[in-house]
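Read the structure below first, then the notes.
Nothing in this text is a laboratory measurement; each read-out follows from the coordinates by a stated rule. The model shown is predicted, which means the values in this text are computed figures rather than measured ones. Note that each Cβ is placed from the backbone with ideal geometry, even for glycine, and that neighbours are counted across all protein chains shown.
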Amino acid sequence: MTDRPILMARHIAHCYRTARREVWALREVSLTLRRGEFVCLVGPSGCGKTTLLRILAGLLHPTRGEVWLRDQPLRGPDRRIGIVFQKDSLLPWRTALENVRLPLELAGRPGPEAARRAQALLEQVGLQGFEHAYPRELSGGMQQRVALARALAADPEILLLDEPFATLDAITRERLNEMLVELWERERKTVLMVTHDVHEAAWLADRVLVMSPRPGTLVAEIQIPFPRPRGADRWSHPAFLQTVWAIRQALGNGGG
Amino acid sequence: MHGKATGWSTRIRAGIWLPRAGAALLFVLLWSLVVRLGDYPPFILPGPERVAARMWALAAEGSLWRHWRATAIEVGLGLGLGVTVGLILAYPLAHWRLFERMVAPYLVASQAVPIVAIAPLLIIWFGPGLLARVLVSALITFFPVLIAAIAGFRQVPPEWRELFRSLQATRWQTFWKLEWPAALPMIFGGLKIGATLSVIGAFVGELISADQGIGFLIKQGQGLYDTPLVFGGILLLASQALLLYGMISALEHRWARR
């Protein structure tokens, strides 16, 4: 299922400098994403997860270390990497369809073909009938579906998700997680998702990376061996609960 | 898209226009009551019917429209020029701190000096023609537009900028598809203030030097103690400010809805 490395971080460290002091957000992080993999990154809040994600997206230049996309160093944002932000990233003056179309427009692909693709993506995230709705008319969950469809619009190879459903209620989040897995299985993207929900990570991922509190570093890598599709009956499997426990232990050992 | 909204909007329209018309009627009634009770001579306080008659006479000889149009042209050009200059200056001022530090004090100083003090200078420099009056109007218009646009460009949320960066948008795309639409609601706020100021600017220009326009009418009325003409001129000015404000509100409704 997984094969070659597609995104690699080598000895990443990052320091935010203000006029008066330096804050080390990341100490030393090396990780490898292989093609088609679903990886979750968990860690206590403020451990530098978002910083790491922004570095992997090419939005932030690390103080030390480098990122490789396939066999080239990453110099900045790249269209092969799509991002879903935590919330409120939709443009309020654009309809759902126009928001999804944005990456295609910016890539110089306007017109009916782009509109068809945006339409198809909205259907895939279950939003047919809401094409012409403005973000303010959509619920938080629907807005994040649009954000996900938008991230997929330019057909990236890698999807980076920064706690995409963290602000939603538990039931909506579960439904969106199921949809995300379906999309991932169909589109065969490589996914790295930041979350602070241990259950969510264990249920979604092939592999869970655990970070320590700031300055963040990777303290554990836990393989999730369960076959897919993983149903709702996971709660009754002792093995699943053991995995959740193992992740929680790793988080605890990091000092959090 | 708004098919079922028409019934509502006519009802809302009636809900807006009925109180407005009512207030206008009440105002006219009070006005004529004051004139009648106080028994003021027409050159101090003419009644509404005298003002209406004076305007009617002016309209009949064809000069009402000529004066109204002369001022409207100055207002339109002044506002257009002021808005253009304001918007063009706003972008570098919002993004380029050094430029802001160099220019901002002078912009503020230019606004601290009353426009009536600068207007004679402009007329000395550019002659008594249309240009000077347009410049007076533009000079007073551009400032609120500039300030609003700077604030608008600066308040674009960093998340959206990050999104555009991640999508590798060009500078032009970032301006046209992000910064401009994001700033538009604030720009419209400045535009509404600028619109009313542009009428004042054109009027000040006409007071100082003009052979037509509403300012010219009012000055003439003052000189001849033709007070109904002065009152009529004031109403004409108000009509232009209101018309402009209404047009900008309509544009805002179409372009900057959220």
Tally Lys and Arg at +1 and Asp and Glu at -1 over the other residues with C-beta under 12 Å from the C-beta of residue B:45: what net charge comes out?
+1
For a test of the definition: using alpha carbon positions, the gyration tensor, and the 1.5 limit on a/c, classify the range A:130-256 as rounded, prolate or oblate.
prolate
Suppose only helical runs count, i.e. DSSP H with n ≥ 4. What mean residue ellipticity at 222 nm does that imply for chain B under -39500 (n - 2.57) per run, divided by all residues and rounded to the nearest 500 deg cm²/dmol?
-28500 deg cm²/dmol
Scan chain B and note any complete DSSP helix (H) whose C-alpha atoms cover at least 24 Å along its axis and whose Kyte-Doolittle average is 0.5 or more.
B:6-38, B:63-95, B:130-154, B:180-208, B:227-255
With n ≥ 4 as the cut-off for DSSP H runs, can you work out [θ] at 222 nm for chain A, using -39500 (n - 2.57) per run divided by the number of residues, rounded to the nearest 500?
-10500 deg cm²/dmol
Any idea how far the Cα center of the range A:4-29 sits from the one of the range B:100-179, in Å?
40 Å
List the residues, sorted by chain then number, that are 5 or more residues from residue A:7 or on another chain and whose placed amide H is less than 5 Å from its amide H.
A:33, A:70
Across the residues of B:107-114, average count of Cβ atoms on other protein chains within 10 Å?
0
Partners for residue B:177 among lysines (Cα-Cα distance below 30 Å; same-chain residues under 8 apart left out):
A:49, A:87, A:189, B:192
Which far-off residues, 5 or more places away or on another chain, put their amide H under 5 Å from the one on residue A:12, with H placed in the peptide plane?
A:29, A:30
Total charge of the residues flanking residue A:23 in space, meaning their Cβ is under 12 Å from its Cβ, with Lys and Arg +1 and Asp and Glu -1, is +4
Once you sort the root eigenvalues of the Cα gyration tensor of chain B as a ≥ b ≥ c, which label holds: rounded (a/c under 1.5), prolate (a/b larger than b/c) or oblate (the other case)?
oblate
Placing +1 on the Cβ of each Lys and Arg and -1 on the Cβ of each Asp and Glu in the protein assembly as shown, which of B:73, B:207, B:182 has its Cα farthest towards the positive end of the resulting dipole?
B:182
Using a/c under 1.5 as the rounded threshold, could you call chain A rounded, prolate or oblate? The axes a ≥ b ≥ c are square roots of the C-alpha gyration tensor eigenvalues, and prolate needs a/b larger than b/c, oblate otherwise.
oblate
Sum up the charges of everything whose Cβ sits under 12 Å from the Cβ of residue B:157, counting Lys and Arg as +1 and Asp and Glu as -1, but leave residue B:157 out.
-1
